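Please read the structure below before turning to the comments.
Taken together, the values in this text are just the output of simple stated rules run on the coordinates, not laboratory data. Just so we're clear, the structure is a prediction, and the values are computed from it rather than from any experiment. Cβ sites come from the backbone with ideal geometry, for glycine too, and all protein chains shown count toward neighbours.
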Amino acid sequence: MIYNRTEAEWEEDSAGLCASEVGWAFVVPEFLGMTGMIPVGVKSPDDTIDGEVQWHEPLPERIGRLCQFASGWVRLKQKKPAERKIAFILNNSPCTSIEATVGTAAHLDALESVAGILHIMKDAGYRVQPPADGKELITTILDRKALSEFRWTSVTETVTKGGALALLGEETWRPWIEALPRKLQDRLRETWGNPPGEERDGVPAGMIHEGKLVITGISYGNVLVMTPKRGCAEAGVMARYVNL
C-alpha cells in the first residue's frame, strides 16, 4: 500500500517509491522471507481529514498483477519438479569490466551458491545438469560471451560462441509490446526508439542480431542462468533505464 501519495503522484515519480516506502514495503518484508512486493493501493485525493488519510483507493492493474503472480505460484506448486522451469538472474553491474562484475554480491559468493543450489535441485528431481562448481559456471558464462554487453563484446560474437539462449523475431516481441499500456509503449519508443531498438544519443541499439533480440544466458536443462546488463551512464544507457 502506498499510504501517503495519490495515484497521480505515484505515477509521476520516476523512482516509483520513496526511500521510506522502500524500507517498510520491500526491505522489512524481505527480512521476513517475502519477495515480489506489489503496491495495490494509493492515498485517496478526496478523503484526508486534518492531514490524516482516511481512505485508500485500489490500483486495479496492480491487483490484477498480484493475482497473476499468485496463480502462477499455485500452478508451479502443482507441477512435478522435473516439469518446472527456473531462471537465476545474476547481478551484472554497469560501467565496470565484465570479468569483475558478473554474479557479484555483497560479501557473498553468488556463483558458488547458484552451482550448489543447482546440485540440490537435481537431487530433488529437477531436470538440470549443473556445473561442477562456481568456477565452472563463471568460466562457461565468459567463454560463451553469455552477456548482455554490446560495448566490449560484439553481439555476433555472443551468438557464434553459444551465449545466446534465443533470438526473438518480431512475431514474438511485438505482441508483448502491444499488450503494454499505451503510455508505457510511448515511453519505450521515446527512450529506445522504434522496436526492436534504434540508435539514441550516439548509443547503438543493444543486443540485436540480424533484426532479432538476443536473449543471453546459459541453459542447464530446465534451469537458465542469466546475467542481464543494466547499462552504463558513461554510454548514456543507464540514464535511459532510469527514465523508464
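Quick notes
- Take the chain and mark each of the GluC sites (Glu not before Pro) that is in a DSSP loop with at most 11 other Cβ atoms within 10 Å; the longest unmarked stretch, sites excluded, is 1-198.
- For the range 54-96, applying the loop criterion from DSSP together with a ceiling of 11 other beta carbons within 10 Å to the trypsin sites (Lys or Arg not before Pro) yields Lys79.
- Cα-Cα pairs of the range 1-86 separated by more than 17 Å (percent): 60
- Proximal lysines to Lys161, defined as alpha-carbon separation beneath 30 angstrom and excluding residues fewer than eight positions away on the same chain: Lys85, Lys122, Lys135, Lys145, Lys212, Lys229
- Charge dipole of the chain about the Cα centre (unit charges at C-beta), most positive-ward option of Gly41, Phe88, Ser20: Phe88
- Charge dipole magnitude, Cβ of K and R +1, D and E -1 - the chain, Cα centre, debye nearest 20: 1180
- Taking Cα Rg over 2.2 N^0.38 Å as calculated from this structure, the corresponding entry among [x] 1.16; [y] 0.99; [z] 1.54 is [x].
- Amide H contacts under 5 Å for Arg5, placed H, 5+ residues apart: Lys43
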